[in-house]
Amino acid sequence: MAVTSSACFLMLLFMTCTGITVDPPEDLSVSDPGRLGYLDITWSPRSSLMNVTKCQTEYQLEYFNSFRNSWTVLRTTKMSYSAQFDLSKDILVRAYTMIDGPCTNNTIHMSKNYTELIQKPPSTGVADTEARDFACVFYNMERVQCKWTRSLRTPADSQQSLFFWHKRLEQAVECPSYILSGGVRSGCELSRSSLVEFFDIIFCVNGSSSEGSLKPMFASLQIQNHIKPEATQKLHLQTSSDGKLELLWENPVRKLPEHCLEWEVKHIHEGSDGKIKLKIIETKETSLTLPLTPHTERNCFQIRSKLSFYCVAKSLWSDWSEEACHPERAEYACVLKLDPVPVHIYIFAAIVVVLIMCLCVWAAMKMKKTKPEKKLDSLLISLFAKTSTLAAEKVFKGKKVSPDAMI
């Protein structure tokens, strides 16, 4: 602490003796050339330093990056700089002056104070009408799709538009192909050639309505950090001669080297007892070897991928691939042992059904035979009665029968 105080005292004494006072720059300003917030910052040196020719003058510029929520600090000998700002938020810029050379005994001296600029965003647009949930996806490094949702306060008759800009464009460009949802713009389709990788791309969604201009929304991103690989299409399962189960697949993103992709394998194991176990396996290879389980057990696999942090800052997982199983479902159904308890139940139920059906058939046949048999019996009885009467009349014809002889 004492050394620091002494150094400060000597520096002040030296500056006083030489008559040099380091003042911050002046005329600090920010201008917008129409590049969606990529603003030009300019300043001028203090008149008190115009005659200091034996030293080099530098400037330390500090500005608040609202996209990253942090201050950016840089040093330059120029009197201008361009930086990206979110036009929907305050613009904060500070500038210091620095002197170094023979006039300061080759010691860097910085101005104690700084020149500051605070610029409020323009109050244009109806409040709470800006686009929400803005996100872009770089599908398989072939096409980019950006989507957003409308605010609840956005008028129904409003029309929203998307503009984008990066350093290889002179001016902002409007979306060439909009995505419609219910007749309303909800996204934009962009080709890979219209964007650049490893550069900040600025997006703005604005619009108009019968109530006035909509409040604009700004977003900054680097498109390589939003790659979503295609789902793996070719997934192969095979058994090796040494009793192993080999899983093989292919890289869906041909534009990237193999080391830029990392994989997740979803392994679903179904045991002979019907219990299912799920396991996630991480790997950087395009193959996986596992012990071959008995045929009464089944193994199913799915694959997904994303870019490694060695190649990009972040990435999106692909969708899961189609499921591949060993053995196949039909083969597995033939060798799977059934639980004896359900089998007994099924056999008993079948016997009961058969008995009931037999009983129903017997009852139906019985009912059909009952009426004809009754009719035949009555005819036989009637015929027998008539025959008996005729026979008796022939026997006793011409004879007088005494009533006492009748029994």
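The values are calculated or read from the model by the stated rules, or taken from the named source; none is laboratory data. Bear in mind that the values here come from a model prediction, so they are computed numbers and not experimental data. With ideal geometry, Cβ positions are generated from the backbone for all residues, glycine too; neighbour counts draw on all protein chains shown. Please note that ligands, DNA and RNA were not included when accessible areas were found on the heavy atoms of the full protein model with its side chains. Shrake-Rupley method; radii C 1.70, N 1.55, O 1.52, S 1.80 Å.
What number comes out for the charge environment of Arg254, summing +1 per Lys or Arg and -1 per Asp or Glu over other residues with Cβ under 11 Å away?
On the way: positive: Lys255; negative: Glu142, Glu230, Glu250, Glu258.
After counting each charged neighbour, the total is -3.
Need the C-alpha centroid separation for the range 28-49 versus the range 147-209, integer Å.
When both Cα centres are located, 28 Å separates them.
Given a 1.4 Å probe and every protein chain left where it sits, what share in percent of the accessible area of the range 273-326 is carbon and sulfur? Intermediate values should be presented prior to the final figure.
Working: 1750 of 3380 Å².
That fraction is 52 percent.
Going by average Cβ neighbours within 10 Å, how do the peptides 166-172, 34-40 rank, with the highest at the top? Mind dumping the intermediate values first?
Working: 166-172: 13.6, 34-40: 18.9.
Averaged packing, sorted descending, gives the order 34-40, 166-172.
For the pairs Lys147/Lys255; Lys234/Lys266; Lys228/Lys284; Lys228/Lys314; Lys147/Lys228; Lys255/Lys306, flag any whose C-alpha to C-alpha distance is greater than 19 Å. Write down the numbers at each step before the final one.
Values: Lys147/Lys255 25 Å; Lys234/Lys266 15 Å; Lys228/Lys284 17 Å; Lys228/Lys314 10 Å; Lys147/Lys228 15 Å; Lys255/Lys306 13 Å.
Distance filter (> 19 Å) returns Lys147/Lys255.
Below 8 Å between Cα atoms, with a sequence gap of 6+, how large is the relative contact order for the range 33-85 in percent?
It comes to 47 percent, rounded to a whole number.
With Cβ to Cβ distances under 13 Å as the rule, what net charge do the other residues near Gln84 carry (K, R +1; D, E -1)? Can you show the working numbers first?
Details: positive: Arg35, Arg68, Lys89, Lys167; negative: Asp32, Asp40, Asp86, Asp200.
Local charge sum for Gln84: 0.
How would the range 93-202 be classified by its alpha-carbon gyration tensor: rounded, prolate or oblate, with rounded meaning a/c under 1.5 and the a/b versus b/c comparison settling the rest?
Values: a/c = 4.11, a/b = 1.95, b/c = 2.10.
Cα axes put the range 93-202 in the oblate bin.
What's the local net charge at Glu282, with K and R +1, D and E -1, over the other residues with C-beta under 12 Å away? Can you show the working numbers first?
Working: positive: Lys266, Lys279, Lys284, Arg304, Lys306; negative: Glu262, Glu264, Glu285.
Local net charge: +2.
With the other protein chains left in place, how much accessible area per residue, in square angstrom, belongs to the range 56-154 at a 1.4 angstrom probe? Working shown, then result.
Details: 5370 Å² over 99 residues.
Dividing the accessible area of the range 56-154 by its residue count gives 54 Å².
Count neighbours as other Cβ atoms within 10 Å of each site's Cβ, and list the trypsin sites (Lys or Arg not before Pro) in the range 205-256 that are DSSP loop with at most 15 such neighbours. Could the numbers behind the result be given before it?
Details: sites: Lys234, Lys244, Arg254, Lys255; in loops: Lys234, Arg254, Lys255.
When the trypsin sites (Lys or Arg not before Pro) of the range 205-256 are filtered for loop state and at most 15 Cβ neighbours within 10 Å, Lys234, Arg254, Lys255 remain.
Using a 1.4 angstrom probe, figure out how much accessible area the range 197-236 has per residue, in square angstrom, rounded to the nearest whole. Walk me through the numbers before you get to the answer.
Working: 1690 Å² over 40 residues.
I get 42 Å² per residue for this part.
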